[in-house]
Amino acid sequence: MTTVFVLNGPNLNRLGVREPHIYGTETLSDIEALVRQTAKELSLSVDFRQSNSEGTLIDWVHEAADKAAGLMLNPGALTHYSYALADALSSIDIPKVEVHLSNIHKRESFRQRSVTAAAVDGAILGLGSTGYSAALQALKTLINKRAKS
């Protein structure tokens, strides 16, 4: 079965209690269950992970290059300043989609820029947990297109 890495960055382990007026009341475990159900429907396997460490996320991006057909990433606050994470994403040649629960363009000015977005194939934001399902569907399409070429 085709594997997709789903990586979640800093503070996403606090979903459900962290600023529910922005991020909603679903926990990361709730989102993982949704991702696993969507993956099953799409005949995908997921490797779902979360870390508060930039270095760990970079290591996982590198690992995805060898073990996954695609990568979904919610980099959290690293979105706005982690050139190291952007470089890691640029260094791997698998389909990649960035996802955000909130619409970063409607947030504080420092959150409106993504330095990681230029290193991925697409971004889905502002749809809450539904964005994770949409990102998986997009990855499935990208993976299939790559397989045909």
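The values are calculated or read from the model by the stated rules, or taken from the named source; none is laboratory data. This one's a predicted model, so the numbers in the text were calculated from it and none came from an experiment. Please note: Cβ atoms are built from the backbone with ideal geometry, for glycine as well, and neighbour counts cover all protein chains shown. Just so you know, the surface numbers come from the protein's heavy atoms only, side chains and all, with ligands and any DNA or RNA stripped out. Shrake-Rupley method; radii C 1.70, N 1.55, O 1.52, S 1.80 Å.
Figures for the structure shown
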| read-out | value |
| --- | --- |
| Residue-normalised accessible area of the chain, expressed per residue, 1.4 Å probe, Å² | 48 Å² |
| Label-point separation in nm, MET1 to SER109, each point 7 Å along Cα→Cβ | 4.7 nm |
| Among LEU89, LEU78, LEU42: highest mean-square fluctuation, GNM of the chain, C-alpha pairs under 10 Å | LEU42 |
| Solvent exposure, largest accessible area first (probe 1.4 Å, DNA, RNA and ligands not counted), of THR38, THR130, THR56 | THR130, THR56, THR38 |
| Percent accessible area from carbon and sulfur atoms, segment 32-113, protein chains only, probe 1.4 Å | 47 percent |
| Spatially proximal lysines relative to LYS40 (Cα-Cα < 25 Å; intrachain offsets below 8 disregarded) | LYS67, LYS96, LYS140, LYS145, LYS148 |
| Net length gained if the chain between ALA33 and ALA134 were fully extended (0.36 nm per residue, minus Cα distance) | 34.9 nm |
| Loop-resident sites, segment 45-149, for trypsin sites (Lys or Arg not before Pro), counting at most 13 other Cβ within 10 Å (DSSP) | ARG113 |
| Separation of the ASN11 and LEU127 label points, Cα + 7 Å toward Cβ, nm | 2.4 nm |
| Per principal axis, descending, Cα span of segment 22-137 in whole Å | 38, 33, 23 |
| Spacing of the two label points (7 Å from each Cα toward its C-beta) at ILE22 and THR141, in nm | 2.9 nm |
| Size of electric dipole in segment 13-149: Cβ of Lys, Arg +1 and of Asp, Glu -1, about Cα centre, debye, nearest 20 | 360 debye |
